[in-house]
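Quick notes on the structure that follows.
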Amino acid sequence: MEWIWIAAVVVILLIIIIRNIRVVQQSQAYVVERLGAFSAVWGVGLHFKVPFLDSVKYFPKAMMLYDIPPSEVLTSDKQNMTVDNYILWRVSDPLLFYQSLGSTVVAEERLNALTYNTLKTVMGTLSQADIINMDDASERNDIYEGISDSVDALARNYGIEVVDVKIKRFDLPE
């Protein structure tokens, strides 16, 4: 009977140990909280979480694509245009990301707002005719780069790196 109890305790301890081992891949980051307070950010490797005390939050560090819903912007000549674009982004500072946003869903909402405000500001300096007749690709690329840099500078406050902002298409009002 004594051997059964010892075997049961050993099995339970093995289960607890196995359930608390984490292998962090290169494309992942883990933020660890111990009793509700920040404890550590785990990088690549094998880690052990303290059972019942630590909670672990996972964030992807790989590049992610967020397709922003089309939005209306006003040009300098007071004409509406619909802009359809997307963002390539990744988590650059897992701790800041966790403290300020907490999840990728909230991050995408914030990126949507930041991109819309930047697009509204940049497109507000161009006339509709200039946007439509823009034949020089380097001019267009300069505008894209300016938008991307502006959104990236704002997103850094949330632990996000914006790799690129691309405009898929401009639509004229019906």
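The values are calculated or read from the model by the stated rules, or taken from the named source; none is laboratory data. Predicted model only: the values in this text are computed from it and were never measured. Virtual Cβ from ideal backbone geometry, glycine too; neighbours counted across all protein chains shown. Just the protein is used for accessible areas: all its heavy atoms, side chains included, with ligands, DNA and RNA removed. Shrake-Rupley method; radii C 1.70, N 1.55, O 1.52, S 1.80 Å.
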Along the Cα→Cβ direction, 7 angstrom out, place labels at Phe48 and Glu33. What is the inter-label distance in nm? 2.4
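Suppose the chain between Glu161 and Leu126 were pulled fully straight at 0.36 nm per residue; how much longer would it get relative to their current alpha carbon spacing? Let's see the in-between values first.
Values: separation 35, 0.36 × 35 = 12.60 nm, distance 2.68 nm.
Extra length from Glu161 to Leu126 when fully extended: 9.9 nm.
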Extension length gain for Val56 and Ala113 (0.36 nm per residue less Cα distance), in nm, is 17.7 nm
Before I look further, what does the chain give for accessible area per residue, probe 1.4 Å, in whole square angstrom? 60
Run down the lysines and flag those whose C-alpha is under 17 Å from the C-alpha of Lys78, throwing out any fewer than 8 positions away in its chain. Lys120
What number, in percent, do you get for the relative contact order of the range 1-129 if the mean sequence gap of Cα pairs under 8 Å and at least 6 apart is divided by its residue count? 21
Note the full-extension length gain between Ala40 and Asn141 as 0.36 nm times their separation in residues minus their Cα-Cα distance, in nm to one decimal. 32.3 nm
Could you check how much of the accessible area of the range 38-174 is carbon and sulfur, as a whole percent, using a 1.4 Å probe? 52
Under the rule of at least 5 residues apart or a separate chain, name every residue whose amide H is placed under 5 Å from the amide H of Leu126. Ser76
Sites Leu96 and Ile16 - FRET efficiency at Förster radius 30 Å, r taken between beta-carbons, to 0.05: 0.40
Karplus-derived 3J(HN,Hα), 6.51/-1.76/1.60, for each residue of the range 5-10, Hz, glycine and proline x: 5, 5, 4, 5, 5, 5
On the full set of protein chains, 1.4 Å probe, figure out the accessible area of Thr118 and give it in Å² to the nearest 10. 10
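How high is the FRET efficiency between Leu88 and Leu172 when r is their beta carbon distance and R₀ equals 30 Å, given to the nearest 0.05? Don't skip to the answer; put the middle values down first.
Working: r = 27 Å, r/R0 = 0.89.
Efficiency, rounded to the nearest 0.05: 0.65.
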Determine the dipole magnitude for the chain: charges of +1 sit on the beta-carbon of Lys and Arg, -1 on that of Asp and Glu, nothing else is charged, the reference point is the Cα centre, and the result goes in debye to the nearest 20. 1040
Partner aspartates and glutamates for Lys49 [C-alpha distance under 17 Å; skip if fewer than 8 residues away on the same chain]: Glu33
Compute the separation of the alpha-carbon centres of the range 37-52 and the range 95-144 and state it in Å as a whole number. 35
